Each structure stands twice: as structure tokens, then as C-alpha cells.
1. Using the Kirkwood radius over C-alpha pairs as Rh, can you work out the diffusion coefficient of the chain via Stokes-Einstein at 4 °C, viscosity 1.567 mPa s, in µm² per second?
2. What is the list of residues in the stretch 27-47 whose amide nitrogen lies under 13 Å from a point 7 angstrom out from the Cα of ARG60, following Cα to Cβ?
3. Most exposed first by the Cβ proxy, i.e. fewest other Cβ within 10 Å, how do LEU55, LEU32, LEU45 rank?
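Nothing in this text is a laboratory measurement; each read-out follows from the coordinates by a stated rule. Note that the coordinates shown come from a computational prediction; the quantities given were computed from them, not determined experimentally. FYI the Cβ positions are ideal-geometry reconstructions off the backbone, even for glycines, and counts take in every protein chain you see.
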Amino acid sequence: MYAGHAGWGPGQLEGEIAQEAWIVVAAEPGDLWSERPELLWGRVLHRQGGEIAWLALQPRDPSTN
């Protein structure tokens, strides 16, 4: 099944990373086989600490905040 596609032009992703538009962190071995994949995003953010960890507390739908 094909659900969609996202792509970048040459150098676009590197530029976005340089502008800190993406949060790039190292994965841990257990991330790939998470028993609760729906909670993975929050767990990864939380273990980063600081302001990045704060993002884990945001609601899935910001309009409900």
C-alpha cells in the first residue's frame, strides 16, 4: 500500500537541520522494537532533557490546549 511521499530538493534537508527546524537525536536500541510505539515520540523527547523534554508534554492536538 502506498500512503504518500515526502521529499526534499537538493540541500533542503541539510539547510533545515542547520536552521534547527528538526530535532535530531541518537536512537536507542529499544526504540526500534518499542512495545508502545504510540508513546515513542514522547519518550525520546523526554530523555533529551531541557527544553526538548518539555515538548513531550504538549498535547497531540495543540488546538485542545
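1. Details: Rh = 14.3 Å.
D, rounded to a whole number, is 90 µm²/s.
2. 37-42
3. Details: LEU55 13, LEU32 9, LEU45 19.
Lowest count first: LEU32, LEU55, LEU45.
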